[in-house]
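The values are calculated or read from the model by the stated rules, or taken from the named source; none is laboratory data. Computed from a predicted model, the values in this text were never measured in an experiment. Cβ placement follows ideal geometry from the backbone for every residue including glycine, while neighbour counts extend to all protein chains displayed. Remember, those area values only see protein heavy atoms, side chains included, never the ligands or the DNA or RNA. Shrake-Rupley method; radii C 1.70, N 1.55, O 1.52, S 1.80 Å.
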Amino acid sequence: MSTLRVLTGITTSGTPHLGNYVGAIRPAVRASRAPATDSFYFLADYHALIKVDEPARIQRSTLEIAATWLAAGLDPERVTFYRQSDIPEIPELTWLLTCVTGKGILNRAHAYKAALDRNAAAGADPDFDVTAGLFMYPVLMGADILMFNAHRVPVGRDQVQHIEMARDMAQRFNHLYGEHFVLPEAAVEESVAVLPGLDGRKMSKSYDNTIPLFAPREQLRKLIAGIVTDSRGPGEPKSTEGSALFQIYQAFADAGETEALRRAFADGIAWADAKQALFERIDREIAPMRATYQGYIDDPARVEHVLLAGAQKARHLSAPFIGRLRHAVGLRPLEAPAAAARAPKAAKAALPSFKQYREADGLFYFKLVDAGGALLLQSGGFASPRDAGQAIARLTREGAAALAALAPQLQSTAAGAVAALAQLAAPRDGGDSVAGEEDPGAAVEPKA
């Protein structure tokens, strides 16, 4: 595929707020207009079932989020805009991927580990209140991505692990059944703003500190008036550092407007006047969209039509693709001729390989997997990509001899690791590098 394929989803579990708009919706809509880009935007209502057991809330959230994307300028004629549950091929692919995904990979998922940690701290059973849905969440997310062979998936840093897992699933499936999946890459946009909420913490439904994106004008004014500030009065210089009010303003204003408010802070602007300036700046951007949004909310049948048209467009790709995958795994008509045995892959492709990545804690990790994707060795965290790369280079060069020296920096080592390292240390025709390995001296974050 010569066109870049980008996929973005948002879970239908609540009402969009200013943080969603600034951090995800606005940049995604702008990106959807890029040339030579095939964009997929979906409402992740299957994902919502993992965390929400209120049917009316999921239905309402689906309407609100769809209306928000459309009001913000997403063009359903230009992109593929659909509801996850309208694509029956996605749960089918989830099962196909489930059958090739190691439980050990899912054991390391951040959300699952966080649940285990909470239970441990409370002295409860490790799996108390942990559903199979939570545990299998990464496989469903992998199916979302791989169904449309997305090249790039814009995510926050806390979601990078899920993209790495999707890559693992794709590699394992490709190894067993032939080359069907593109290996997706995470696109972490460091410059996207993370808005503080009314109390100064990150704006989040979990903290009950959000400002709904399309709140009525007077409600918006009232909410902004409630943003926490310090006790400095009119005429006293105020610091922009750590000011939730200033950070929110900066996310909407241009450079000149931001500098003007910065000077006003230094000159002692009254908090009431600063909040009025923030209200006016946000309302100037949101007001034109608010009427459009309300029009969609008042006509849910119109939104339903858009989503069903998007699903039809998406299924032009997903239906034939799942057919090919079904055939590949052997779910085919009995009278169909058996596929010829696949030609064995080159020896290079059958070698173990190192995979390098960065986790949400900011540290750099690597793992060694065999040709089938099974984990053989897992590192601890390294402060820099070069440190991780040097450890990989040493393991590749010295084999098992390096295991003892590096033991303090390794989390786990399986029995097959020694043999795998011996394979990597063995000379290969043409001096090829290790199969699937990045330059060991330059451990990398997921590429954007």
Practice prompt. Could you list all residues from the range 95-144 that are in a helix (DSSP H, G or I), in contact with a Gly (Cβ under 9 Å, 6 or more places away or on another chain) and farther than 22 Å from F42 by Cα?
Written response: I105
Item to complete: Determine whether E359 is surrounded by 16 or more Cβ atoms within 10 Å (Cβ to Cβ), of a type in the set (D, E, K, R) and at pLDDT below 95.
Response: yes
Worksheet item: Name the pairs: first residue in the range 389-400 and on the phi > 0 side of the Ramachandran plot, second residue open to solvent by less than 10 Å² (accessible area, probe 1.4 Å), Cβ to Cβ under 6 Å, at least 6 apart or on different chains?
Response: G399/L421
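Give me the helices (runs of 4 or more DSSP H) completely within the range 1-79, filtered to those with at least 1 residues that are free of Cβ contacts under 8 Å to residues at least 12 places away in the same chain, ordered by residue number.
26-31, 55-71
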Response to the item:
The number of residues in the range 240-280 that are under 30 Å from the mean Cα position of the chain (by Cα) and of a type in the set (D, E) is 2
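Out of all the residues in the range 27-37, is one or more at pLDDT below 95 and open to solvent by less than 10 Å² (accessible area, probe 1.4 Å)? So that I can check it myself, show each step before the final result.
The initial filter retains those residues of the range 27-37 that are at pLDDT below 95, namely 27-37.
If we keep only those that are open to solvent by less than 10 Å² (accessible area, probe 1.4 Å) as well, we get 29, 32.
Looking for residues that are at pLDDT below 95 and open to solvent by less than 10 Å² (accessible area, probe 1.4 Å), one finds at least one in the range 27-37, hence yes.
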Worksheet entry | Residue satisfying all of: in the range 87-109; in contact with a strand residue (DSSP E or B) (Cβ under 9 Å, 6 or more places away or on another chain) and not β-branched (V, I, T); nearest to L325 (Cα to Cα) among these | G102
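In the range 163-194, how many are under 19 Å from P27 (Cβ atoms) and touching a residue at least 12 places away in the same chain (Cβ under 8 Å)? Steps first, please.
We begin by selecting, within the range 163-194, every residue under 19 Å from P27 (Cβ atoms); these are 163, 184-194.
Narrowing further to those that are touching a residue at least 12 places away in the same chain (Cβ under 8 Å): 163, 184-189, 192-194.
Looking only at that region, the number is 10.
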Response to the item:
The condition of being out of contact with any Ser or Thr (no Cβ under 9 Å at 6 or more places or on another chain) and either modelled with pLDDT of 95 or more or among the basic types (K, R) (or both) holds, among L43, L74, L96, L70, only for L96
Worksheet item: What is the residue count in the range 217-244 for residues that are open to solvent by 30 Å² or more (accessible area, probe 1.4 Å) and in contact (Cβ under 8 Å) with a residue 40 or more places away in the chain?
Response: 5
Worksheet, complete the sentence: When restricted to A56, A34, A28, A48, the only residue among the hydrophobic types (A, V, I, L, M, F, W, C) and closer than 20 Å to A309 by Cβ is A28
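Any residue at all in the range 181-193 that is out of contact with any helix residue (DSSP H, G or I) (no Cβ under 8 Å at 6 or more places or on another chain) and buried (at least 21 other Cβ atoms within 10 Å of the Cβ)?
As a first pass, look at the range 181-193 and keep what is out of contact with any helix residue (DSSP H, G or I) (no Cβ under 8 Å at 6 or more places or on another chain): 187, 190-191.
Checking which are buried (at least 21 other Cβ atoms within 10 Å of the Cβ) leaves us with none.
No, the range 181-193 contains no residue that is out of contact with any helix residue (DSSP H, G or I) (no Cβ under 8 Å at 6 or more places or on another chain) and buried (at least 21 other Cβ atoms within 10 Å of the Cβ).
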Worksheet item: If you take the residues of the range 125-144 that are touching a helix residue (DSSP H, G or I) at 6+ places or on another chain (Cβ under 6 Å) and more than 23 Å from I163 (Cβ to Cβ), which of them is most open to solvent (accessible area, probe 1.4 Å)?
Response: F128
Worksheet item: Does A383 fit the bill of being among the aliphatic types (A, V, I, L, M) and at pLDDT 80 or above?
Response: yes
Worksheet item: Among the residues of the range 148-160, is there at least one that is in contact with a helix residue (DSSP H, G or I) (Cβ under 6 Å, 6 or more places away or on another chain) and among the small types (G, A, S)?
Response: no
